[in-house]
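The next block holds one structure in the form of C-alpha cells; read it before the comments.
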Amino acid sequence: MQAASGQVEIAGKIVDKNGRIVATRVFHAAAPAQATTVQAAVAALDQAFGKAVAELVLWTARTAKDHQYDKTEPPKAAGKKAARN
C-alpha cells in the first residue's frame with residue numbers, strides 16, 4: 001500500500017508586455033500525510049502547496065529579471081524605421 005501524501009502541481013508562465021510567453025515551468029511538490037484523515041490530508045496539501053509556491057516565487061523573480069529590457073533606453077516601436085543623421 002502506498003503511503004498517504006499531499007501532492008501539488010502548479011504551472012507558471014511569464015508573459016512580456018506584448019503578451020508573448022517568455023518562460024514556462026511546472027512545479028511539483030509532495031508532503032507526507034501523518035494519517036488517513038481529512039485533517040491530515042489538508043495539512044499535507046497545505047505543506048506541499050507552500051513548497052510549490054515558494055519555488056514558483058523564486059523562479060518568477062529570477063526569470064523575470066533575466067527578461068527585462070534595459071530601462072535606460074526606451075523600447076523601439078514596432079514597424080518604425082530609425083532616423084538617420
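Considering only A29, I10, F49, and ranking their Cα positions along the charge dipole of segment 1-66 that arises from unit charges at the beta-carbon of Lys, Arg, Asp and Glu, the one farthest toward the positive end is I10. Apply the Karplus curve 6.51 cos²θ - 1.76 cosθ + 1.60, θ = phi - 60°, to the phi angles in segment 20-28 and return the couplings in whole Hz, x for Gly and Pro. These are the phi-based 3J(HN,Hα) values: 7, 6, 9, 7, 9, 6, 10, 10, 10 Hz. Here, P(r) means the percent of Cα pairs in each 10 Å bin from 0 to the largest distance; for segment 5-66 it is 24, 38, 22, 13, 3.
Which residues among segment 1-27 fall inside the zone where the amide N is under 14 Å from a point 7 Å beyond the Cα of T63, along Cα→Cβ? Within reach of a label on T63, which here means backbone N under 14 Å from a point 7 Å along Cα→Cβ, segment 1-27 contributes 10-16, 20-27.
A Cβ-based charge dipole, computed about the Cα centre of segment 5-66 with Lys and Arg at +1 and Asp and Glu at -1, lands at about 280 debye.
Here the Karplus curve 6.51 cos²θ - 1.76 cosθ + 1.60, taken at θ = phi - 60°, turns the phi angles of segment 53-62 into couplings of 5, 4, 5, 4, 5, 4, 4, 4, 4, 5 Hz, with x standing for Gly and Pro. Calculate the spin-label point distance for T37 paired with N18, positioning each point 7 Å from the Cα along the beta-carbon direction, and give it in nanometres. The answer from the label model is 5.6 nm.
Every number here is computed from the coordinates shown, using simple stated rules; none is lab data. In this text, all values refer to a predicted model and were calculated from it rather than measured experimentally. Cβ atoms come from the backbone with ideal geometry, glycine included; neighbour counts cover every protein chain shown.
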